[in-house]
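Okay, so here's the structure we're looking at.
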Amino acid sequence: MSDMEGMMPELTLNADAAKVETPALTLSMEPEPAPEPEKPEVKPVVIDDSMLTEAEKKVVDDFAKKIDLNDSQLILQYGVAAQKGVASFSESALSNVRTKDLGEVGDTLSSLVVELRSFGQEEEEKGLFGFFKKAGNRMEAMKAQYGKAEANVDKIVRELEQHQRVLMKDIAMFDKMYELNLKYYKELTMYIIAGKKRLAEVQSGQLKELREKAERTGAQEDAQAYNDMVQMCNRFEKKLHDLELTRMVSIQMGPQTRMLQNNDTLMVEKIQSSLVNTIPLWKSQMVLALGLENSRRATAAQTAVTNATNELLKKNADMLKIGTVATAKEAERSIIDIETLQHTNQQLISTLDEVIQIQRDGAQKRKEAEVELGRIEGELKQKLMELRG
């Protein structure tokens, strides 16, 4: 009733009160584009000590005090150990993906489906049904065919179990790799925070003192000392930027590792389902078929036997078709995960393009800063000459 009331026309004596919507006319067959949804604003992550525990903050503070920006070798080797760890981790993950072929598992599952569907087809295709009926050997033929199919299925089962063991080892390995990547990520974060702390201290302390001394004395060696420290600070800042790039690689490796692990887990689940559900169901159906054949032979005449055999084969074929088609769909469904890999790959490529652009922009800004520093130094020297005058 509520729907009918909502559709009830409204009557009015005021012609102006009637709302008439003017239809929109267009020559285009395409509908008007829907407004694009607003993308949520992405809040950038700030790398500071707020992401550390109290114990980690103390370690960072103590380590920052040991950083000597006058040591060029220290700047070159700063955080390199963690960077090498991330590189080694990436190589291990790549090696695992390169040497493993999940398509082989899918082929084995497909072979299983073909074998299960093959029962009862050979006699139709080769016309053996009439021969078995005339010779009275249909039961023996079914047993022989079942035995052959069972042997093939058992061989496929052994292959699936081997694949399952390998995948289970890989899943455990991915857990260890994930934990190791977390360790490298935490180390890189602490290196970056400690470096930024020390750089800020030097820029606001030692660098400022060197500049004031150079301005005060006007000596060339003091101006050079100030310039040298500026260069060391710039190099260290670039080193911290490199560490941030490596840290981003480590961040991306986390979900990638879980994605690879999830693919292996899905395959293990498919194999497990085949081992504990599909194959036992197939065997029970075959045993049922053989039992029905025994009953038919004992209770019916030759004509009834022929009719019952045809009916039995039709029913079994329908049951096998339903079961095997469902199994085939399940077996093929896991391969769709390749699309997820393609999408992730595109996203990573896009991210790397953006990182490269950021690096280029950073390099351009450093060049501009270098020119500006040269100009400032020239102004300083000119001012010093004016002071001598």
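The values are calculated or read from the model by the stated rules, or taken from the named source; none is laboratory data. The structure presented is a predicted model; accordingly, all values stated were derived computationally and were not measured. Glycine gets a Cβ as well: all are built from the backbone with ideal geometry, and neighbour counts include every protein chain shown. Ligands, DNA and RNA are stripped out before the accessible areas are found, and what is left, the full protein with its side chains, is counted by its heavy atoms. Shrake-Rupley method; radii C 1.70, N 1.55, O 1.52, S 1.80 Å.
Placing pseudo-labels 7 Å out from each Cα toward the beta carbon at K176 and R375 gives an inter-label distance of 5.8 nm.
Residue pairs exceeding 19 angstrom between C-alpha atoms, taken from K65/K196; K66/K183; K186/K239: K66/K183. Available extension along the chain between L387 and M168 is 71.1 nm, counting 0.36 nm per residue and deducting the alpha carbon span. Indicate the gyration tensor shape class of the range 344-389 (rounded, prolate or oblate), computed on the Cα atoms with a ≥ b ≥ c the square roots of the eigenvalues: a/c under 1.5 is rounded; otherwise a/b larger than b/c is prolate and the rest oblate. It is prolate, given that a/c is not under 1.5 and a/b is the larger ratio.
With a Förster radius of 41 Å, plug the Cβ-Cβ distance of N277 and E339 into 1/(1 + (r/R0)^6) and report the FRET value to the nearest 0.05. Present the calculation step by step, with values, prior to reporting the outcome.
On the way: r = 26 Å, r/R0 = 0.64.
Efficiency, from the Cβ-Cβ distance: 0.95.
Its Cα gyration tensor gives the range 153-277 an equivalent ellipsoid; the semi-axes, largest first and in whole Å, are 59, 10, 8.
Couplings for the range 177-182, taken from phi via the Karplus curve 6.51 cos²θ - 1.76 cosθ + 1.60 with θ = phi - 60°, read 5, 5, 5, 5, 5, 4 Hz in order; Gly and Pro are left as x. Ligands, DNA and RNA left out, the accessible area of the range 169-248 computed with a 1.4 Å probe is 51% carbon and sulfur. Rounded to the nearest 20 debye, the dipole size of the range 49-90 about its Cα centre is 140 debye, using +1 on the Cβ of Lys and Arg and -1 on the Cβ of Asp and Glu.
For the range 189-255, the solvent-accessible area of protein heavy atoms averages 49 Å² per residue (probe radius 1.4 Å; ligands and nucleic acids excluded).
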